[in-house]
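I have placed the structure first, in the form of structure tokens, so that the comments after it can refer back to it.
The values are calculated or read from the model by the stated rules, or taken from the named source; none is laboratory data. Fair warning: this is a prediction, and the values are worked out from it, not measured in the lab. Cβ atoms come from the backbone with ideal geometry, glycine included; neighbour counts cover every protein chain shown. Surface accessibility is based on the protein's heavy atoms, side chains included, excluding ligands, DNA and RNA. Shrake-Rupley method; radii C 1.70, N 1.55, O 1.52, S 1.80 Å.
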2 protein chains.
Amino acid sequence: MTEAVQTEAVHTERVDFRVRPDRYKHWRLSTDGPVATLTMDVDEQGGLVPGYELKLNSYDLGVDIELYDAVQRLRFEHPEVRTVVITSGKPKIFSAGANIRMLAASPHGWKVNFCKFTNETRNGIEDATAHSGQTYLAAVNGTASGGGYELALACEHIMLVDDRSSAVSLPELPLLGVLPGTGGLTRVSDKRHVRRDLADYFSTKSEGVGGKKAVQWRLVDEAVPRPRWDETVAERAAELAGRSSRPENATGVELTPLTKTADDDAIRYDHVEARLDRDAGRVDISVKGPHNDPPADIAGATAQGAAFWPLAVTRELDDLILDLRTNETELGTWVFRTEGDPALVLAHDELLLGGKDDWFANEVLQYLKRTLRRLDVTSRSLIAAIEPGSCFAGSLLELALAADRSFQLAGVFEDKNPDAEPATITLGEMNLGPLTMSNGLTRLQTRFWGDEAGYEAAAKRKGEALEAEDAAELGLVTFAPDDIDWDEEIRIATEERSSFSPDALTGLEANYRFAGPETMETKIFGRLTAWQNWIFNRPNASGPDGALRRFGTGQRAVFDRKRV
Amino acid sequence: MTEAVQTEAVHTERVDFRVRPDRYKHWRLSTDGPVATLTMDVDEQGGLVPGYELKLNSYDLGVDIELYDAVQRLRFEHPEVRTVVITSGKPKIFSAGANIRMLAASPHGWKVNFCKFTNETRNGIEDATAHSGQTYLAAVNGTASGGGYELALACEHIMLVDDRSSAVSLPELPLLGVLPGTGGLTRVSDKRHVRRDLADYFSTKSEGVGGKKAVQWRLVDEAVPRPRWDETVAERAAELAGRSSRPENATGVELTPLTKTADDDAIRYDHVEARLDRDAGRVDISVKGPHNDPPADIAGATAQGAAFWPLAVTRELDDLILDLRTNETELGTWVFRTEGDPALVLAHDELLLGGKDDWFANEVLQYLKRTLRRLDVTSRSLIAAIEPGSCFAGSLLELALAADRSFQLAGVFEDKNPDAEPATITLGEMNLGPLTMSNGLTRLQTRFWGDEAGYEAAAKRKGEALEAEDAAELGLVTFAPDDIDWDEEIRIATEERSSFSPDALTGLEANYRFAGPETMETKIFGRLTAWQNWIFNRPNASGPDGALRRFGTGQRAVFDRKRV
């Protein structure tokens, strides 16, 4: 155990997910009309924490934070960009994947959280390709190993330089005793449709596969000799750009810096506030609805830019989720409240949905969808507390639908404000289609999976402000206590939660949140991630003699050979 | 660590999966015309290994082995049975689920393997309901907790006695810090369609839910007062029997004792032989095809009974898989060979498929399907070696299609037998439909998932004996070495396999074997099981202060509160 402690990377500083291109250490973002190029050129000495060098374009969370920022900015700030080329700034190497020393030295929870964020960004790359007309092209101009190849797998089209030495590979299993766990196995089989026996062989062959064989096996789409490389990449980028639905002559919306203040007890943004109760292991998150009517049309919304309420609140929620997930791992329960006028939320929703053929409205909508998906895969218990003065309507009602349990006050708080209007929730069009979960269904469909009648009964109340009894009867909230029981019920629910095994809660939630069908995305977060987490936690990988810890030491790993 | 070792249940004796009703310690099987009753009445002192008492109808692997035997015999020996009532022989308690002391004291691998077998039997119960016209009815005549309720969940219809004390519950999370991992979470959400927030609440409430609320929440189908219990169970059993397609007046086929001999180096049956190479960590499994033509018709096959080759070979394979999985955990690679005349295999297949409206032919087919599914979820690397004299055709070709890799000899062994016919494989009707994997696709469809053209090209060669080059070209085998390379290639593949992390291989195989769609069954073996394995391996459950180890000691578990 001593050795384990000694070699652990110490994450003492709070990780900040806010970054901007002029501060990137590891990526260069350039655009040339419809084609952007994201060049990975990792600063070896620029690791997020001391203790490892980011050689060979290997990455840590810091590198991934910049990639996430770039992918987001390309969507909002660059409506003209239709193809994004991801390539390497290093000679002969595309990327060596996640940094092994960083992984080996990181505690289990850090590894798992890091992989989750990496997965989310890669899903975002596929989402941009599918829903924003920004198609990602991997220009693999050198060897792509492990997470490096997994990054390429998230792109729509993979070009590999054919120079007799460059290859794509998944060496995790033979070299490190772990899986290609950030989507690798799932994308190889379910996206690239590599035959399972070839995939098996490929994933045990540490040197990988290059050239024509990589094309034959579907590992890449084309292998291009170096002399024709630049011209072929440019050609392919132009072809992909030609298929895009991105607008002509639109002006981008700048993702201006978030207003954020944080101290030990709270994190505050313009529309979102989180109060941290360390004794109770709980975060109380309050989301404010819009203060004003929405602009008259999408042009008005675009003019508001980053201040447009749906975009502003989504950015704040996104940053908060990432911050809490990474920096506040002992706060296991998040309680969501909202505050504001439901009608104004619904009016903003309506504007967005009415304009969804507009690129900006579409981007805001897709971003909200992705942020809610991030919440779905967050390993925290989620509770919604629906009180008088709240605005759980349409897009904000999704927070309650994402919660593991919801409480809606029946009546009002007689002591505090007997004249208040009772709390209501309102289903809107936003709950009936656009904001799909990663299983491809809406949260409402998932909630009523296998109960068509229950779904119909709820959906047809769209637009009605539903008080607690109605909402509970319809199955839209879990419990509807009155003000005598309210505090006690919420207290018991949160205290009980913090008395349970955090691991078992994570497993429970990861199962119950995803009833029904599975997609490549749910398979990555469910099947693949769960197996990887198990493997990460086993002595054969992470014990002092495990493969992950022994990599690079010259000593072979010692395995317990029992098959489990 | 010392404590952990001291409390481990020691599994020194080889577990034998062969049992028969007159030797059951824990179950009573009785039949009354179309209704069979399986009464669980666990012998407290009858645990498989010393160290725990099986109180309150809690179970260990020994109890489950008898249940599996009963489910199998009901299908083959009792064509007249159309409803199977599962109930308890103890007062006030249906079943308390898996025995906690057994779980707490068992090593990780034992827990995982035990849960897998339990899951397979429950899937078998659903399979009997869906495909054999034997509908399972859970007559929950007392409290059903944890695995006890999970057993009920595998039944088509759940009746709960309504007596103000009996309840169904999933107390694993609050009491033990683990999941209801033998299908519980998945069946609650995806089969019973319990709303996710109610399911969440239910799974954290250790005392469970009974009476009308259990019906309202869909946890059970009906709650019946004790005075009307017997008559209502009988009524419901008769109703379910009325829907069955089981034949009138058929005679059962007795599952006579298997001929099996075993020593340290080999396990031998009539048609299957396994040679155990402990140094190499490998098992060489040889399956013999039929020696004779099949009987003229299904009546002839039924007359052969347990000696009918497809049934005999399936029973032997089934027993071998279970034996090796449980008793030979360090033998990580299984190499399959076959021996015999492909035409005779195909002729038996044809007889079975031609008669699949016959109950017995259907049972044999379904059993073969289930046994191959057991192979798919086996955590061993599977390799097929296709040599001259083999009979990888139709049903036996499935062994090669189930393998992670297959090798087919190009040409013959010039030294050993230059005049032999080259090895061939032959696709038959059996490969194109009936033997679905748990993802709902055939192994051939899964192999060519996303490659319709590849599938069509292979499928249209049905009936042709394909030599190695053709088979490799069509993608039906992985490699086609000639006799100069053969030994070396197989040796490298198996040696390499045994040099890798056994855990990482398990994860790799569990992902690559299941491309494409997911079903409740794959969700149980993939998502749910992987999370449970992770949780089982965590100190919060299995460490000296973990919930599973502290249960019943009067001491509360101590948790690392960090959410991962």
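Out of the residues in the stretch A:173-183 that are in contact (Cβ under 8 Å) with a residue 40 or more places away in the chain and crowded, with 24+ Cβ neighbours inside 10 Å, state the one that is farthest from B:T446 (Cα to Cα).
Among those that are in contact (Cβ under 8 Å) with a residue 40 or more places away in the chain and crowded, with 24+ Cβ neighbours inside 10 Å, it is A:L176.
Determine, yes or no, whether A:E495 is outside any loop (DSSP other than H, G, I, E, B), touching a Pro at 6+ places or on another chain (Cβ under 9 Å) and over 21 Å from B:A530 (Cα atoms).
No.
Among the residues of the stretch A:498-517 satisfying the criterion of being crowded, with 24+ Cβ neighbours inside 10 Å and of a type in the set (D, E, K, R), which is nearest to the other protein chains (Cβ to nearest Cβ)?
A:D503
Condition check ((1) at pLDDT 95 or above; (2) aliphatic (A, V, I, L, M)) across all residues:
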position: B:K92; (1), (2): yes, no
position: B:A105; (1), (2): no, yes
position: B:E120; (1), (2): yes, no
position: B:A130; (1), (2): yes, yes
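Among the listed residues B:D451, B:D482, B:D487, which satisfies the condition of being farther than 23 Å from B:W334 by Cβ and away from every other protein chain (no Cβ under 12 Å)?
Working: B:D451 fails: away from every other protein chain (no Cβ under 12 Å); B:D487 fails: farther than 23 Å from B:W334 by Cβ.
Selected residue: B:D482, the only one of B:D451, B:D482, B:D487 that is farther than 23 Å from B:W334 by Cβ and away from every other protein chain (no Cβ under 12 Å).
Looking at A:N439, A:N431, which is the one that is surrounded by 18 or more Cβ atoms within 10 Å (Cβ to Cβ), more than 8 Å from chain B (Cβ to nearest Cβ) and either within 29 Å of B:L176 (Cβ to Cβ) or free of Cβ contacts under 8 Å to residues at least 24 places away in the same chain (or both)? So that I can check it myself, show each step before the final result.
Working: A:N431 fails: either within 29 Å of B:L176 (Cβ to Cβ) or free of Cβ contacts under 8 Å to residues at least 24 places away in the same chain (or both).
Selected residue: A:N439, the only one of A:N439, A:N431 that is surrounded by 18 or more Cβ atoms within 10 Å (Cβ to Cβ), more than 8 Å from chain B (Cβ to nearest Cβ) and either within 29 Å of B:L176 (Cβ to Cβ) or free of Cβ contacts under 8 Å to residues at least 24 places away in the same chain (or both).
What are the residues in the stretch A:113-138 that are open to solvent by 10 Å² or more (accessible area, probe 1.4 Å) and within 14 Å of chain B (Cβ to nearest Cβ), if any?
Correct list: A:N113, A:C115, A:K116.
When the stretch A:119-157 is examined, which residues are found to be among the polar types (S, T, N, Q), in contact with a strand residue (DSSP E or B) (Cβ under 9 Å, 6 or more places away or on another chain) and in a loop (DSSP other than H, G, I, E, B)?
A:Q134, A:N141 - these are the residues of the stretch A:119-157 that are among the polar types (S, T, N, Q), in contact with a strand residue (DSSP E or B) (Cβ under 9 Å, 6 or more places away or on another chain) and in a loop (DSSP other than H, G, I, E, B).
Considering the stretch B:290-334 alone, what residues qualify as being over 30 Å from B:E496 (Cα atoms) and small (G, A, S)?
Passing the criteria: B:A296, B:A299, B:G300, B:A301, B:A303, B:G305, B:A306, B:A307, B:A312.
Filter the helices (runs of 4 or more DSSP H) completely within the stretch A:338-427 down to those with at least 3 residues that are touching a residue at least 60 places away in the same chain (Cβ under 8 Å) and open to solvent by 10 Å² or more (accessible area, probe 1.4 Å).
Result: A:342-354, A:359-376.
Looking at (1) more than 26 Å from B:L382 (Cα to Cα); (2) within 7 Å of another protein chain (Cβ to nearest Cβ), which is the only condition B:G546 fails?
(2)
Residue by residue through the stretch B:524-540, note down the ones that are open to solvent by less than 10 Å² (accessible area, probe 1.4 Å), touching a residue at least 40 places away in the same chain (Cβ under 8 Å) and over 30 Å from B:R556 (Cβ atoms).
B:I524
If only one of B:L160, B:L198 is away from chain A (no Cβ under 14 Å) and either open to solvent by 10 Å² or more (accessible area, probe 1.4 Å) or assigned to a strand (DSSP E or B) (or both), which one is it?
On the way: B:L198 fails: away from chain A (no Cβ under 14 Å).
Only one candidate qualifies: B:L160.
Given the conditions (1) outside any helix (DSSP H, G or I); (2) free of Cβ contacts under 8 Å to residues at least 24 places away in the same chain; (3) charged (D, E, K, R), and given that A:K213 satisfies all but one, which numbered condition is not satisfied?
Unmet condition: (1).
Taking the condition in contact (Cβ under 8 Å) with a residue 24 or more places away in the chain, surrounded by fewer than 21 Cβ atoms within 10 Å (Cβ to Cβ) and touching a Lys or Arg at 6+ places or on another chain (Cβ under 8 Å), does B:G51 pass?
yes
Listed here are the residues, each with its yes/no results for (1) farther than 30 Å from A:D560 by Cα; (2) part of a helix (DSSP H, G or I).
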{"position": "B:R14", "(1), (2)": "no, no"}
{"position": "B:R18", "(1), (2)": "no, no"}
{"position": "B:L29", "(1), (2)": "yes, no"}
{"position": "B:D43", "(1), (2)": "yes, no"}
{"position": "B:Y52", "(1), (2)": "no, no"}
{"position": "B:A70", "(1), (2)": "yes, yes"}
{"position": "B:F76", "(1), (2)": "yes, yes"}
{"position": "B:M102", "(1), (2)": "no, yes"}
{"position": "B:F117", "(1), (2)": "no, yes"}
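List pairs: first residue in the stretch B:58-76 and under 24 Å from B:T251 (Cβ atoms), second residue charged (D, E, K, R) and part of a helix (DSSP H, G or I) anywhere in the structure, Cβ distance under 7 angstrom, at least six positions apart or on different chains.
B:R75/B:E363; B:F76/B:E363
So, of the residues in the stretch A:469-486 that are more than 30 Å from B:K191 (Cβ to Cβ) and part of a helix (DSSP H, G or I), which turns out to be farthest from the chain's Cα centre (by Cα)?
Once the filter is applied, the top-ranked residue is A:I484.
Could you check B:E429 against (1) more than 28 Å from B:E120 (Cα to Cα); (2) within 25 Å of the chain's Cα centre (by Cα) and say which number it fails?
Result: B:E429 fails condition (1) only.
Which of the following residues is over 24 Å from A:L548 (Cα atoms), of a type in the set (F, W, Y) and facing another protein chain (nearest Cβ under 7 Å): B:F559, B:F551?
Of B:F559, B:F551, the one residue that is over 24 Å from A:L548 (Cα atoms), of a type in the set (F, W, Y) and facing another protein chain (nearest Cβ under 7 Å) is B:F559.
Does at least one position in the stretch B:97-106 carry a residue that is crowded, with 23+ Cβ neighbours inside 10 Å and under 26 Å from B:D221 (Cβ atoms)?
Checked against the condition, which is being crowded, with 23+ Cβ neighbours inside 10 Å and under 26 Å from B:D221 (Cβ atoms), the stretch B:97-106 yields at least one hit.
Return only the number of the condition from (1) buried (at least 16 other Cβ atoms within 10 Å of the Cβ); (2) away from chain A (no Cβ under 14 Å) that B:K462 does not satisfy.
Of everything listed in (1) buried (at least 16 other Cβ atoms within 10 Å of the Cβ); (2) away from chain A (no Cβ under 14 Å), B:K462 misses just condition (1).
Would you please name the residue that is nearest to B:L476 (Cα to Cα), looking only at residues in the stretch A:185-195 that are within 9 Å of chain B (Cβ to nearest Cβ) and touching a residue at least 60 places away in the same chain (Cβ under 8 Å)?
A:D190
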